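The values are calculated or read from the model by the stated rules, or taken from the named source; none is laboratory data. Keep in mind it's a predicted model, so treat the numbers as computed, not measured. Here the Cβ positions follow ideal geometry from the backbone for every residue, glycine too, while neighbour counts run over all protein chains shown. Ligands, DNA and RNA are stripped out before the accessible areas are found, and what is left, the full protein with its side chains, is counted by its heavy atoms. Shrake-Rupley method; radii C 1.70, N 1.55, O 1.52, S 1.80 Å.
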Amino acid sequence: MKKLLPLLIFLTTAYISTAQVVNGNISGTVNDASEKGQEAATISLLTANDSSLVHMCVSDKAGNFRFTSIGEGKYLVSVSAVGYSKGYSKTFTIDVTNPSIHLNPVKLREIAKDLSAVTVVGRKQLIEQKIDRTVVNVDGAVTNVGASALEVLEKSPGITVDKDGNISLKGKQGVMVMIDGKPSYLSGAELVNLLRNMNANQLDQIEIMTNPPAKYDAAGNSGIINIKTKKIKMQGFNGSLTAGFSQGKYSKTNNSINMNYRTGKMNAFLNVSYNKNNGFQGLDILRRYRNIDGKSIDAIFEQASFIRTTNENRNLKAGMDFFLTDKTTVGFVASGFIAPEVYNGTNTSYLKNGSHVVDSIVFSLGNNNDRWKNGSINLNFRHQFDSAGRELTADVDYVTYTSNNNQHYINSSFKPDWTKKNQEELKGILPININIYSAKTDYTHQFKGLKMDAGLKVSYVNTDNVANYFNLRVGQWMPDYNKTNNFQYTENINAAYININRQIKKWGVQAGLRYENTNYTGKQKGNPQRKDSSFSRSYDSWFPTVYLSYAADKNNQFGLNVGRRIDRPAYQDLNPFLFFLDNYTYQSGNPYLKPQFSNNIELSHTFKGFLTTTVNYSVTKNFFTETFEQSGYATIVRNGNIGERNNAGISVSAQVPVQKWWTAIFYTNYNYSQFSGELYGEKIQVEAGNLMVNINNQLKLKNGWAAELSGFYRTKGVEGQISIQPLGQVSAGISKQVLKNKGSVRLNVRDMFYTQKVQGNIMFQRTEAHFWSTRDSRVANITFTYRFGKPLKGAQNNRKTGGSSDEQSRVKMSGS
């Protein structure tokens, strides 16, 4: 680390010294035939020489639009709206002498022909780089069609997904995942299940924020990923229908229908989807147990398991907005899903002595039936005081999760010659109930040249986790009090924030401060053989953030952000009881687990709007991660605080127009981490670097054809006690617009060379473990999408989406 930091500082200084950007701003107004502002018109910023797309936005209620952070060049603006012919501005130039342009109003003319035949098709850039976030437009990649949300994330800049589905951003775990600006309220395996069951056809954009402003919850020490689902903005009755089929080793389906009805006073929508995923996971583990001398081998444990999985997801989302006046909107959003899951697996374990001679064999049959249910309701309010930007919003949310997980294991032990010695049967009934309540309000005030945001939020979470285990004894199911437990957890977080933003000539300044008060209580209920236990804690935390941007000249723009983040343990990670995975593997919580705090700094440079370089550094205190403890020949897996992590990295992203029809998108990130601390009486001092490269080729061909060839590669990486070997994959796809551009057919193959196989090592105490994991990742998919609807004339209103906190992102539920 001491050697790396001076090198990074030197490279950054050299880079800055040679670099110099127009931070261009373009504003204007769109009017309809009656000279009134046209809301929700699609505004496209085009280059003047070849009309290639640079950015897109949507006009507000008054017909106003704005583009920011635009580099030097000659441009024009194209305006589209349903029921009107396309309009254009005059050509204009952004340079040092003219960094800000206000265009003359663009007037749209009504189309005389049947409006139901009009379809506007726009193609966004796959990746947009903004001052405080990176935006991925999901439909911009052909291979995203038919994929899951998790697979789309895996291909996104700076994001990695490990063997267990844990999500990291620029090499750091602790990411907060939000959906439509609201937390997912899930973490770990449960968040992975949600994202695997969410089809990419439902997604519009993915926003990646490594250091979010104070307005956002402080949770997620490495940042926030906001998944934005599709919303139809046209007036009248509109929608889309998607049907898809995929084939890996096993078949999969993805189907959805989105409908929207909008008038001047009301907007209603309904989204329904059904996905079924048949798959598998293979996991082989080799453990070597060393003697006290640390050299000679005492025993060897070989384990081979295969799990056949079937996941279904029936999802429904509905809502309405009522535009009481031009300035006041109230609405609600209700959603829910039913997700049954079945896991059937076999596990064969060989226990050998130090000379590799088999002592005994254990063969296990496992069956896991789970049924997740979720329901949520959001009530929202929005009032605009004036056209200057003063606004008050409020949201109230209620979310509930229930799970009924039934487990059945048959464990048979054999002699080395497979002569059966005995058989044990274990049954588990593990219901989970989680209730989350939250309320928040935000106020925005525009002063002269200054914007202020402030807000309050309160949340309350209650979880009840029951684990009832039974052993079969002489034909009777008898309670197993060594495993049976009931864990209850309640948590309350109160927060307030203020954020100020101002532009001073070439400088952009934003500063914020967030305060969070956290209170929680956990209770482990006893059983006839166990006593009750409980724990509680309260603490206050402050989270400052600062953003600076500087437009040096027409080609170069710099950004600097500094902030503090927190990552709280998942609720079930505090449950101290052991959970059965197999005869030699147990999972446990840790009631003494503390939240981890991270201080982050990031410096970025954008050259001509297409090349962005970022250098980042962070220090995390009370760093926690998955840990492994040896207990006889068994391994206990739990999260634990191992000490401090120092992390430094540099990333480069570029969108290169190789040809007018071919855009190559490159992203590479080098990350260096150092872990230091103590765990189970042993000192930990680990450091390692990791390089990730992501390449995406987007081909826009003639006659509605498009294609993609993409892939990523990740070198060896380390996270605490775990070391992961290099990993990568290549995907390709092709698409065709049909039915007068109302429909599209897309065909793709993901992980076409079947290289996305995870291998790694785990070193702890006197145990040395190696693992190999495979899943159904090589998949061919064909999908058909059809857009329908009849637009109406008139102005449109923007609907308000609800907001909540980070609580959902920390729910861990059984199943994976």
Margin query: Need a quick list: strands (runs of 3 or more DSSP E) entirely within segment 711-816 having at least 3 residues that are of a type in the set (S, T, N, Q), modelled with pLDDT of 90 or more and open to solvent by 40 Å² or more (accessible area, probe 1.4 Å).
Written below: none
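If you check SER80 against the conditions, is it surrounded by fewer than 18 Cβ atoms within 10 Å (Cβ to Cβ), in contact with a Lys or Arg (Cβ under 7 Å, 6 or more places away or on another chain), modelled with pLDDT of 80 or more and of a type in the set (S, T, N, Q)? So that I can check it myself, show each step before the final result.
Working: surrounded by fewer than 18 Cβ atoms within 10 Å (Cβ to Cβ): no; in contact with a Lys or Arg (Cβ under 7 Å, 6 or more places away or on another chain): yes; modelled with pLDDT of 80 or more: yes; of a type in the set (S, T, N, Q): yes.
For SER80, the condition - surrounded by fewer than 18 Cβ atoms within 10 Å (Cβ to Cβ), in contact with a Lys or Arg (Cβ under 7 Å, 6 or more places away or on another chain), modelled with pLDDT of 80 or more and of a type in the set (S, T, N, Q) - is not met.
From the list ASP442, ASP464, ASP480, exactly one residue is under 30 Å from SER412 (Cβ atoms) and out of contact with any helix residue (DSSP H, G or I) (no Cβ under 7 Å at 6 or more places or on another chain). Which is it?
On the way: ASP442 fails: under 30 Å from SER412 (Cβ atoms); ASP464 fails: under 30 Å from SER412 (Cβ atoms).
Result of the check over ASP442, ASP464, ASP480: ASP480.
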Margin query: Considering only residues that are crowded, with 18+ Cβ neighbours inside 10 Å, assigned to a loop (DSSP other than H, G, I, E, B) and either out of contact with any helix residue (DSSP H, G or I) (no Cβ under 6 Å at 6 or more places or on another chain) or of a type in the set (Asp, Glu) (or both), which ones fall in segment 580-592?
Written below: ASN583, TYR584
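Quick check: is even one residue across segment 252-271 in contact with a His (Cβ under 7 Å, 6 or more places away or on another chain), farther than 30 Å from ALA40 by Cα and at pLDDT 90 or above?
Of all residues in segment 252-271, those in contact with a His (Cβ under 7 Å, 6 or more places away or on another chain) come to none.
No: segment 252-271 contains no residue that is in contact with a His (Cβ under 7 Å, 6 or more places away or on another chain), farther than 30 Å from ALA40 by Cα and at pLDDT 90 or above.
Can you tell me which residue in segment 94-110 is nearest to LYS36 (Cα to Cα), limited to those that are of a type in the set (A, V, I, L, M, F, W, C) and touching a Lys or Arg at 6+ places or on another chain (Cβ under 9 Å)? Don't jump to the end; show me each part of the working.
Looking only at segment 94-110, we keep the residues that are of a type in the set (A, V, I, L, M, F, W, C), and these are 94, 96, 101, 103, 106, 108.
Now drop any that are not touching a Lys or Arg at 6+ places or on another chain (Cβ under 9 Å), which leaves 94, 96, 103, 108.
Working: ILE94: 28, VAL96: 33, LEU103: 16, LEU108: 10 Å.
Restricting to residues being of a type in the set (A, V, I, L, M, F, W, C) and touching a Lys or Arg at 6+ places or on another chain (Cβ under 9 Å), the top hit is LEU108.
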Next item on the list: Could you figure out which of (1) surrounded by fewer than 19 Cβ atoms within 10 Å (Cβ to Cβ); (2) modelled with pLDDT under 90 isn't true of ASP540?
Entry: (2)
Note to self: Quick check on segment 569-579. Is at least one of its residues out of contact with any helix residue (DSSP H, G or I) (no Cβ under 7 Å at 6 or more places or on another chain), open to solvent by less than 20 Å² (accessible area, probe 1.4 Å) and assigned to a strand (DSSP E or B)?
What the structure shows: no
Note to self: Filter segment 425-461 down to the residues that are touching a Ser or Thr at 6+ places or on another chain (Cβ under 8 Å), crowded, with 20+ Cβ neighbours inside 10 Å and of a type in the set (A, V, I, L, M) and list them by number.
What the structure shows: LEU430, ILE432, ILE434, ILE436, VAL461
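Between ILE377, ILE361, which is within 30 Å of LYS61 (Cβ to Cβ) and at pLDDT 90 or above?
Numbers: ILE361 fails: within 30 Å of LYS61 (Cβ to Cβ).
The unique qualifying residue is ILE377.
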Check: Can you find a residue in segment 333-344 that is under 30 Å from PRO479 (Cα atoms), out of contact with any helix residue (DSSP H, G or I) (no Cβ under 8 Å at 6 or more places or on another chain) and polar (S, T, N, Q)?
Finding: yes
Margin query: What are the pairs with Cβ atoms under 6 angstrom where one residue, in segment 710-735, is over 20 Å from ARG775 (Cβ atoms) and the other, located anywhere, is surrounded by fewer than 23 Cβ atoms within 10 Å (Cβ to Cβ) and of a type in the set (Phe, Trp, Tyr)? Sequence gap at least six, or different chains.
Written below: GLN721/PHE628; GLN721/PHE764
Check: Here is a list of conditions, (1) closer than 20 Å to ASP582 by Cα; (2) touching a strand residue (DSSP E or B) at 6+ places or on another chain (Cβ under 6 Å), and ALA454 meets all of them except one; can you say which number that is?
Finding: (1)
Check: Could you say whether any residue in segment 411-431 is modelled with pLDDT under 90 and either of a type in the set (Val, Ile, Thr) or not in a strand (DSSP E or B) (or both)?
Finding: no
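Residues that are within 12 Å of VAL106 (Cα to Cα) and β-branched (Val, Ile, Thr): list the strands (runs of 3 or more DSSP E) wholly contained in segment 55-95 that include at least 1 such residues. Before the answer, list the steps.
Values: elements: 64-70, 73-80, 92-94.
So the answer is 73-80.
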Next item on the list: Inspect segment 197-216 for any residue being at positive phi, touching a strand residue (DSSP E or B) at 6+ places or on another chain (Cβ under 8 Å) and modelled with pLDDT under 80 and give the result as yes or no.
Entry: no
Next item on the list: Of all residues in segment 28-51, count the ones that are part of a loop (DSSP other than H, G, I, E, B), in contact with a strand residue (DSSP E or B) (Cβ under 8 Å, 6 or more places away or on another chain) and farther than 12 Å from TYR88 by Cα.
Entry: 7
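Okay, residues lined up against (1) surrounded by fewer than 15 Cβ atoms within 10 Å (Cβ to Cβ); (2) in a strand (DSSP E or B); (3) of a type in the set (Val, Ile, Thr):
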residue: THR463; (1), (2), (3): no, yes, yes
residue: ASN468; (1), (2), (3): no, yes, no
residue: ASN486; (1), (2), (3): no, yes, no
residue: GLU491; (1), (2), (3): no, yes, no
residue: ASN494; (1), (2), (3): no, yes, no
residue: ILE498; (1), (2), (3): no, yes, yes
residue: ALA511; (1), (2), (3): no, yes, no
residue: THR521; (1), (2), (3): yes, yes, yes
Note to self: Yes or no: segment 547-559 includes at least one residue that is in contact with a Phe, Trp or Tyr (Cβ under 8 Å, 6 or more places away or on another chain), part of a strand (DSSP E or B), under 15 Å from ASN600 (Cβ atoms) and open to solvent by less than 20 Å² (accessible area, probe 1.4 Å).
What the structure shows: yes
